[in-house]
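The values are calculated or read from the model by the stated rules, or taken from the named source; none is laboratory data. It should be emphasised that the depicted structure is a prediction, and the values quoted were computed from it without experimental measurement. Cβ atoms come from the backbone with ideal geometry, glycine included; neighbour counts cover every protein chain shown. These accessible areas exclude ligands, DNA and RNA; they are computed on the full protein's heavy atoms, side chains included. Shrake-Rupley method; radii C 1.70, N 1.55, O 1.52, S 1.80 Å.
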Amino acid sequence: MAIFPEDIFTEPSDVDPDTLANLGPLRRLAGTWEGTKGVDLNPKAEGPERREFQERIVFEPIDPQANGPQLFYGLRYHIHINTAEEDITFHDQVGYWLWEPATGLVLQTIAIPRGQVAIASGQATPDATGLVLTATRGESEYGICSTAFLEYAFRTDSYRIEIAFEADGSWSYIIDTMLTVRGRHEPFQHRDRNRLVKVAEPEPNPWAKIVAAKAGPIVMVIPDPPA
(Lines give C-alpha, C1' and ligand atoms only; values in the text may rest on other atoms or scores of the structure.)
Protein backbone atom coordinates (compact mmCIF):
# COMPACT_ATOMS: atom_id res chain seq x y z
CA MET A 1 0.00 0.00 0.00
CA ALA A 2 1.32 3.44 -0.93
CA ILE A 3 2.25 5.79 1.90
CA PHE A 4 1.10 9.35 1.30
CA PRO A 5 1.91 12.57 3.22
CA GLU A 6 -0.44 14.18 5.72
CA ASP A 7 -0.40 17.43 3.74
CA ILE A 8 -2.41 16.61 0.62
CA PHE A 9 -2.81 20.19 -0.61
CA THR A 10 0.62 21.86 -0.89
CA GLU A 11 2.07 21.57 -4.38
CA PRO A 12 5.82 21.48 -5.11
CA SER A 13 7.38 24.92 -5.50
CA ASP A 14 10.64 23.97 -7.24
CA VAL A 15 9.22 22.42 -10.42
CA ASP A 16 11.51 22.26 -13.45
CA PRO A 17 9.54 23.45 -16.51
CA ASP A 18 11.52 21.20 -18.91
CA THR A 19 9.47 18.02 -19.26
CA LEU A 20 11.88 16.35 -21.70
CA ALA A 21 14.66 16.57 -19.09
CA ASN A 22 12.50 14.94 -16.40
CA LEU A 23 10.71 12.05 -18.10
CA GLY A 24 12.89 9.28 -16.67
CA PRO A 25 12.39 6.11 -18.75
CA LEU A 26 9.66 7.78 -20.81
CA ARG A 27 12.20 10.11 -22.44
CA ARG A 28 12.94 7.30 -24.91
CA LEU A 29 9.33 7.40 -26.12
CA ALA A 30 9.15 11.14 -26.88
CA GLY A 31 8.71 11.92 -30.57
CA THR A 32 6.91 10.39 -33.55
CA TRP A 33 7.27 6.70 -34.37
CA GLU A 34 6.24 4.31 -37.12
CA GLY A 35 6.10 0.54 -37.39
CA THR A 36 5.11 -1.54 -40.40
CA LYS A 37 5.23 -5.10 -39.11
CA GLY A 38 2.60 -5.14 -36.38
CA VAL A 39 0.63 -8.31 -35.67
CA ASP A 40 -2.81 -8.50 -34.04
CA LEU A 41 -4.49 -11.71 -32.85
CA ASN A 42 -8.18 -11.18 -32.09
CA PRO A 43 -11.31 -13.31 -31.56
CA LYS A 44 -13.81 -13.99 -34.36
CA ALA A 45 -16.85 -16.26 -34.60
CA GLU A 46 -14.92 -18.81 -36.67
CA GLY A 47 -11.84 -18.68 -34.43
CA PRO A 48 -8.77 -16.49 -33.82
CA GLU A 49 -7.87 -14.04 -36.61
CA ARG A 50 -4.32 -12.86 -37.33
CA ARG A 51 -3.96 -9.41 -38.89
CA GLU A 52 -0.85 -7.49 -39.88
CA PHE A 53 -0.85 -3.73 -39.49
CA GLN A 54 1.13 -0.50 -39.81
CA GLU A 55 1.20 1.95 -36.93
CA ARG A 56 2.02 5.58 -36.19
CA ILE A 57 2.39 6.90 -32.62
CA VAL A 58 2.95 10.53 -31.63
CA PHE A 59 4.19 11.27 -28.08
CA GLU A 60 4.06 14.98 -27.16
CA PRO A 61 5.55 16.36 -23.90
CA ILE A 62 3.01 18.04 -21.62
CA ASP A 63 3.60 20.50 -18.79
CA PRO A 64 4.26 19.03 -15.31
CA GLN A 65 1.07 17.99 -13.52
CA ALA A 66 0.51 18.09 -9.74
CA ASN A 67 -1.95 16.33 -7.44
CA GLY A 68 -1.13 18.36 -4.36
CA PRO A 69 2.39 17.13 -3.46
CA GLN A 70 2.40 14.46 -6.18
CA LEU A 71 4.21 15.57 -9.34
CA PHE A 72 4.06 13.92 -12.77
CA TYR A 73 5.97 14.56 -15.97
CA GLY A 74 4.40 13.04 -19.02
CA LEU A 75 3.59 12.55 -22.67
CA ARG A 76 0.26 12.87 -24.44
CA TYR A 77 -0.03 10.21 -27.14
CA HIS A 78 -2.10 9.28 -30.17
CA ILE A 79 -1.95 5.86 -31.84
CA HIS A 80 -3.31 5.36 -35.35
CA ILE A 81 -3.27 1.91 -36.96
CA ASN A 82 -4.23 0.75 -40.45
CA THR A 83 -4.03 -2.49 -42.40
CA ALA A 84 -2.82 -2.77 -45.98
CA GLU A 85 -6.10 -4.24 -47.19
CA GLU A 86 -8.50 -1.67 -45.66
CA ASP A 87 -8.82 2.11 -45.76
CA ILE A 88 -10.86 2.40 -42.55
CA THR A 89 -8.91 2.89 -39.32
CA PHE A 90 -8.12 -0.46 -37.71
CA HIS A 91 -7.39 1.02 -34.27
CA ASP A 92 -7.34 4.50 -32.74
CA GLN A 93 -6.21 5.28 -29.20
CA VAL A 94 -5.32 8.33 -27.12
CA GLY A 95 -4.09 8.92 -23.59
CA TYR A 96 -1.10 9.83 -21.44
CA TRP A 97 2.10 8.21 -20.26
CA LEU A 98 3.11 9.65 -16.85
CA TRP A 99 6.25 9.39 -14.71
CA GLU A 100 6.49 10.25 -11.00
CA PRO A 101 10.21 10.88 -10.32
CA ALA A 102 9.78 10.72 -6.53
CA THR A 103 8.50 7.13 -6.51
CA GLY A 104 9.32 5.54 -9.88
CA LEU A 105 5.62 5.14 -10.67
CA VAL A 106 4.77 4.85 -14.37
CA LEU A 107 1.19 5.20 -15.61
CA GLN A 108 -0.53 4.75 -18.96
CA THR A 109 -4.06 5.99 -19.52
CA ILE A 110 -5.99 4.46 -22.40
CA ALA A 111 -9.09 5.70 -24.23
CA ILE A 112 -10.49 3.77 -27.20
CA PRO A 113 -13.43 5.08 -29.28
CA ARG A 114 -15.38 1.86 -28.88
CA GLY A 115 -16.38 2.72 -25.32
CA GLN A 116 -13.44 1.63 -23.21
CA VAL A 117 -10.94 3.33 -20.90
CA ALA A 118 -8.24 2.03 -18.58
CA ILE A 119 -5.32 3.10 -16.42
CA ALA A 120 -2.32 0.80 -16.09
CA SER A 121 0.57 1.10 -13.64
CA GLY A 122 4.10 -0.15 -13.11
CA GLN A 123 7.41 0.74 -11.47
CA ALA A 124 10.68 1.64 -13.16
CA THR A 125 14.03 3.35 -12.70
CA PRO A 126 15.03 6.42 -14.74
CA ASP A 127 17.46 4.35 -16.84
CA ALA A 128 15.19 1.31 -17.30
CA THR A 129 15.64 -0.66 -20.51
CA GLY A 130 12.04 -1.82 -20.41
CA LEU A 131 8.62 -1.20 -18.87
CA VAL A 132 5.82 -3.47 -17.70
CA LEU A 133 2.41 -2.02 -16.81
CA THR A 134 -0.83 -3.77 -15.88
CA ALA A 135 -4.49 -3.03 -15.26
CA THR A 136 -7.22 -5.31 -13.90
CA ARG A 137 -10.99 -5.19 -14.29
CA GLY A 138 -12.78 -4.42 -11.04
CA GLU A 139 -9.92 -2.49 -9.46
CA SER A 140 -10.73 1.05 -8.36
CA GLU A 141 -7.15 2.34 -8.65
CA TYR A 142 -5.67 0.81 -11.82
CA GLY A 143 -8.64 -0.71 -13.58
CA ILE A 144 -10.64 -1.09 -16.78
CA CYS A 145 -14.05 0.41 -17.59
CA SER A 146 -16.13 -0.62 -20.62
CA THR A 147 -19.57 -0.15 -22.16
CA ALA A 148 -22.44 -2.46 -21.24
CA PHE A 149 -22.13 -4.24 -24.61
CA LEU A 150 -18.40 -4.92 -24.22
CA GLU A 151 -19.01 -6.21 -20.70
CA TYR A 152 -21.69 -8.50 -22.14
CA ALA A 153 -19.90 -9.74 -25.26
CA PHE A 154 -16.13 -9.15 -25.00
CA ARG A 155 -15.29 -8.49 -21.37
CA THR A 156 -11.71 -7.32 -20.78
CA ASP A 157 -10.46 -8.87 -17.54
CA SER A 158 -6.84 -7.71 -17.63
CA TYR A 159 -4.36 -5.66 -19.63
CA ARG A 160 -0.58 -5.94 -19.76
CA ILE A 161 1.91 -3.99 -21.85
CA GLU A 162 5.61 -4.82 -21.99
CA ILE A 163 7.98 -2.41 -23.71
CA ALA A 164 11.60 -3.13 -24.61
CA PHE A 165 13.95 -0.27 -25.49
CA GLU A 166 16.46 -1.41 -28.10
CA ALA A 167 20.13 -0.41 -28.38
CA ASP A 168 19.56 1.15 -31.82
CA GLY A 169 17.00 3.62 -30.44
CA SER A 170 13.91 1.72 -31.59
CA TRP A 171 11.46 0.09 -29.19
CA SER A 172 9.03 -2.80 -29.31
CA TYR A 173 5.95 -3.80 -27.37
CA ILE A 174 3.76 -6.79 -26.61
CA ILE A 175 0.23 -6.10 -25.35
CA ASP A 176 -1.88 -8.91 -23.88
CA THR A 177 -5.52 -8.37 -23.01
CA MET A 178 -7.39 -11.31 -21.51
CA LEU A 179 -10.96 -11.42 -22.78
CA THR A 180 -14.03 -13.35 -21.70
CA VAL A 181 -15.96 -13.83 -24.96
CA ARG A 182 -19.65 -14.62 -24.62
CA GLY A 183 -20.37 -18.27 -25.41
CA ARG A 184 -16.73 -19.36 -25.03
CA HIS A 185 -15.59 -21.42 -22.07
CA GLU A 186 -11.91 -20.44 -22.11
CA PRO A 187 -10.45 -16.92 -21.78
CA PHE A 188 -9.05 -15.49 -25.02
CA GLN A 189 -5.56 -13.98 -25.05
CA HIS A 190 -5.77 -10.99 -27.41
CA ARG A 191 -2.21 -10.06 -28.37
CA ASP A 192 -0.71 -7.10 -30.27
CA ARG A 193 2.96 -6.59 -30.98
CA ASN A 194 5.11 -4.27 -33.06
CA ARG A 195 8.52 -2.61 -33.34
CA LEU A 196 8.72 1.14 -33.93
CA VAL A 197 11.41 3.48 -35.25
CA LYS A 198 11.59 7.24 -34.73
CA VAL A 199 10.66 9.47 -37.67
CA ALA A 200 10.54 12.87 -35.90
CA GLU A 201 11.89 14.42 -32.71
CA PRO A 202 9.54 15.94 -30.12
CA GLU A 203 9.04 19.64 -29.50
CA PRO A 204 9.44 21.01 -25.94
CA ASN A 205 6.37 21.26 -23.74
CA PRO A 206 4.44 24.60 -23.75
CA TRP A 207 5.85 25.92 -20.44
CA ALA A 208 9.42 25.13 -21.49
CA LYS A 209 8.87 27.05 -24.74
CA ILE A 210 7.62 30.10 -22.81
CA VAL A 211 10.58 30.03 -20.44
CA ALA A 212 13.01 29.72 -23.35
CA ALA A 213 11.36 32.61 -25.19
CA LYS A 214 11.57 34.88 -22.12
CA ALA A 215 15.23 34.03 -21.67
CA GLY A 216 15.95 35.24 -25.19
CA PRO A 217 18.87 34.28 -27.41
CA ILE A 218 22.31 33.71 -25.95
CA VAL A 219 24.71 36.45 -27.06
CA MET A 220 28.42 35.70 -27.04
CA VAL A 221 30.66 38.66 -26.33
CA ILE A 222 34.15 38.24 -27.77
CA PRO A 223 36.67 40.57 -26.17
CA ASP A 224 38.92 42.69 -28.30
CA PRO A 225 42.43 41.36 -28.72
CA PRO A 226 45.07 43.04 -26.54
CA ALA A 227 46.75 46.05 -28.11
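Give the residues of the range 73-86 that are open to solvent by 50 Å² or more (accessible area, probe 1.4 Å), over 20 Å from SER146 (Cα atoms) and at pLDDT 95 or above, sorted by residue number.
Of the range 73-86, the ones open to solvent by 50 Å² or more (accessible area, probe 1.4 Å) are 76, 78, 80, 84-86.
Next, from what is left, pick out any that are over 20 Å from SER146 (Cα atoms): 76, 80, 84-86.
Hits for the range 73-86 are ARG76, HIS80.
Among the residues of the range 116-159, write down those that are within 17 Å of TRP97 (Cβ to Cβ), small (Gly, Ala, Ser) and in a loop (DSSP other than H, G, I, E, B).
Scanning the range 116-159 gives ALA124, ALA128.
Got at least one residue in the range 143-161 being open to solvent by 80 Å² or more (accessible area, probe 1.4 Å), within 22 Å of LYS37 (Cα to Cα) and among the charged types (D, E, K, R)?
Within the range 143-161 (the criterion being open to solvent by 80 Å² or more (accessible area, probe 1.4 Å), within 22 Å of LYS37 (Cα to Cα) and among the charged types (D, E, K, R)), the answer is yes, since at least one residue qualifies.
Does the range 28-40 contain any residue that is loosely packed, with under 14 Cβ neighbours inside 10 Å and on the phi > 0 side of the Ramachandran plot?
So far as the range 28-40 goes, no, none of its residues is loosely packed, with under 14 Cβ neighbours inside 10 Å and on the phi > 0 side of the Ramachandran plot.
Checking GLN93 against (1) within 13 Å of the chain's Cα centre (by Cα); (2) open to solvent by 50 Å² or more (accessible area, probe 1.4 Å), which test does it fail?
Status for GLN93: all satisfied but (2).
Output the number of the condition that THR103 fails; it satisfies all remaining conditions of (1) among the β-branched types (Val, Ile, Thr); (2) touching a Gly at 6+ places or on another chain (Cβ under 6 Å); (3) open to solvent by 50 Å² or more (accessible area, probe 1.4 Å).
Condition not satisfied by THR103: (2).
From THR19, THR89, THR83, which residue is over 20 Å from TYR159 (Cα atoms), free of Cβ contacts under 8 Å to residues at least 60 places away in the same chain and touching an Asp or Glu at 6+ places or on another chain (Cβ under 8 Å)?
Numbers: THR19 fails: free of Cβ contacts under 8 Å to residues at least 60 places away in the same chain; THR89 fails: touching an Asp or Glu at 6+ places or on another chain (Cβ under 8 Å).
None of the others qualify; the one that does is THR83.
Looking at the range 113-132, which of its residues are free of Cβ contacts under 8 Å to residues at least 24 places away in the same chain and either surrounded by fewer than 19 Cβ atoms within 10 Å (Cβ to Cβ) or in contact with a His (Cβ under 7 Å, 6 or more places away or on another chain) (or both)? Spell out the reasoning first.
Initial filter on the range 113-132 (free of Cβ contacts under 8 Å to residues at least 24 places away in the same chain): 113, 121-123.
Once the filter is applied, which keeps residues that are free of Cβ contacts under 8 Å to residues at least 24 places away in the same chain and either surrounded by fewer than 19 Cβ atoms within 10 Å (Cβ to Cβ) or in contact with a His (Cβ under 7 Å, 6 or more places away or on another chain) (or both), the range 113-132 yields PRO113, SER121, GLN123.
Filter the range 41-72 for residues that are over 30 Å from THR10 (Cβ atoms) and among the charged types (D, E, K, R); which is surrounded by the fewest Cβ atoms within 10 Å (Cβ to Cβ)?
GLU46
If we scan the range 201-216, do we find a residue that is part of a loop (DSSP other than H, G, I, E, B), in contact with a Phe, Trp or Tyr (Cβ under 8 Å, 6 or more places away or on another chain) and under 29 Å from ALA135 (Cβ atoms)? Outline the logic, then answer.
We begin by selecting, within the range 201-216, every residue part of a loop (DSSP other than H, G, I, E, B); these are 201-205, 216.
Applying the additional criterion that residues be in contact with a Phe, Trp or Tyr (Cβ under 8 Å, 6 or more places away or on another chain) yields 202.
This time we only want the ones that are under 29 Å from ALA135 (Cβ atoms), so: 202.
So far as the range 201-216 goes, yes, one or more of its residues are part of a loop (DSSP other than H, G, I, E, B), in contact with a Phe, Trp or Tyr (Cβ under 8 Å, 6 or more places away or on another chain) and under 29 Å from ALA135 (Cβ atoms).
Of all residues in the range 65-84, which are of a type in the set (Val, Ile, Thr) and either closer than 12 Å to GLY31 by Cα or part of a strand (DSSP E or B) (or both)?
Within the range 65-84, the subset of a type in the set (Val, Ile, Thr) is 79, 81, 83.
Hits for the range 65-84 are ILE79, ILE81.
Could you go through the range 20-36 and let me know if any residue there is hydrophobic (A, V, I, L, M, F, W, C), closer than 18 Å to ALA200 by Cα and assigned to a strand (DSSP E or B).
Checked against the condition, which is being hydrophobic (A, V, I, L, M, F, W, C), closer than 18 Å to ALA200 by Cα and assigned to a strand (DSSP E or B), the range 20-36 yields at least one hit.
Out of (1) out of contact with any strand residue (DSSP E or B) (no Cβ under 8 Å at 6 or more places or on another chain); (2) open to solvent by less than 60 Å² (accessible area, probe 1.4 Å); (3) of a type in the set (A, V, I, L, M, F, W, C), what's the single condition that is false for ALA135?
Of everything listed in (1) out of contact with any strand residue (DSSP E or B) (no Cβ under 8 Å at 6 or more places or on another chain); (2) open to solvent by less than 60 Å² (accessible area, probe 1.4 Å); (3) of a type in the set (A, V, I, L, M, F, W, C), ALA135 misses just condition (1).
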